[in-house]
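A.B. asks: The following block contains the structure, expressed as structure tokens.
The values are calculated or read from the model by the stated rules, or taken from the named source; none is laboratory data. Source: prediction; values computed, not measured. All Cβ positions, glycine included, derive from the backbone under ideal geometry; neighbour counts span all protein chains shown.
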Amino acid sequence: MVTSKLVVNPIFLTSLYINLFLLKNYFTDFRPFGSLSSTMAVGKNKRLTKGGKKGAKKKVVDPFSKKDWYDVKAPAMFNIRNIGKTLVTRTQGTKIASDGLKGRVFEVSLADLENDEVAFRKFKLITEDVQGKNCLTNFHGMDLTRDKMCSMVKKWQTMVEAHVDVKTTDGYLLRLFCVGFTKKRNNQIRKTSYAQHQQVRQIRKKMMEIMTREVQTNDLKEVVSKLIADSIGKDIEKACHSIYPLHDVFVRKVKMLKKPKFELGKLMELHGEGSSSGKATGDETGRSPEISSKPVWPTR
């Protein structure tokens, strides 16, 4: 019996083992498309890791902790001086809180300013200076509410409108808009009360004359007092009665077009002596402190 021995080169065996090892690792790590494990996807998908450990480290900061409340003071021509509060970011570095308050416009109903039930007029007040925790405001405009304007416009009558640009004695340039409606004469049977075109022109001319006269001869404080009492509309109604009877005559809008150079002394005079110290309480203003401390949001 013949026996044969297989002689293998050790270098060949070493290379064979290495190739087998590489093939094994290759087939172990190989995965077809779509069969990637979730562990591999989580490491690369940023959306899944958003609410992880990194998100938990962030602290929620209350934005109101960096803000302060300031009292809003109305000028002395109104009965209610302390009209509410406004919010502003506290002074940080070069960003001063008072600069953020200056120029802020507040729209307040006349009912809140005069403690009255007549609430169809809205006054705009602009912050011109900050004294301590008080925002000193000045007149910036007036407007009628939308529901009041809609309630006045009706059928079977003529609407007459006029506007004029007038400058007060202290240098404020205002644009006044007036509106009026014709009404039936005494003992009139006809349903309609339409004015002729010539009469409308005469009424409009009268409106412009009266508005110019009332504003040109007075300063801003006296003009605002007339707007509160609505004396200009009543004067127009009386003057136009001989041309055609009118009703619902109002200065429906006042725009502030131009202001003189700011002077702190005039603003303090407008607010009176007590407003500079900022000690206006609920008893002085005719309103309880709980109601007067409501926030007033600025208009855009």
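A.B. asks: Given the criteria at pLDDT 95 or above, more than 30 Å from the chain's Cα centre (by Cα) and buried (at least 18 other Cβ atoms within 10 Å of the Cβ), does V166 qualify?
C.D. replies: Here the answer is no, as V166 does not meet what is asked.
A.B. asks: Is segment 136-143 home to any residue that is free of Cβ contacts under 8 Å to residues at least 40 places away in the same chain and aromatic (F, W, Y)? Step through it out loud before you land on a result.
C.D. replies: We begin by selecting, within segment 136-143, every residue free of Cβ contacts under 8 Å to residues at least 40 places away in the same chain; these are none.
No: zero hits.
A.B. asks: Just to verify a result, which residue in segment 180-224, among those that are in contact with a Phe, Trp or Tyr (Cβ under 6 Å, 6 or more places away or on another chain) and under 18 Å from A239 (Cα atoms), is surrounded by the fewest Cβ atoms within 10 Å (Cβ to Cβ)?
C.D. replies: Among those residues, the one meeting the criterion is Q199.
A.B. asks: Of all residues in segment 52-88, which are among the polar types (S, T, N, Q), farther than 28 Å from G272 by Cα and modelled with pLDDT of 90 or more? Give the steps one after another, and end with the answer.
C.D. replies: Of segment 52-88, the ones among the polar types (S, T, N, Q) are 65, 79, 82, 86.
Narrowing the set further to residues that are farther than 28 Å from G272 by Cα leaves 65.
Of everything in segment 52-88, nothing turns out to be among the polar types (S, T, N, Q), farther than 28 Å from G272 by Cα and modelled with pLDDT of 90 or more.
A.B. asks: Still on this structure, please answer the following. Check off (1) touching a helix residue (DSSP H, G or I) at 6+ places or on another chain (Cβ under 7 Å); (2) at pLDDT 95 or above for D248 and give me the number that stays unchecked.
C.D. replies: D248 satisfies all of (1) touching a helix residue (DSSP H, G or I) at 6+ places or on another chain (Cβ under 7 Å); (2) at pLDDT 95 or above except (2).
A.B. asks: Also, I was wondering about something else. Hey, could you check segment 109-145 for residues that are part of a strand (DSSP E or B) and acidic (D, E) and say which is farthest from the chain's Cα centre (by Cα)?
C.D. replies: Filtering first and then ranking leaves D129.
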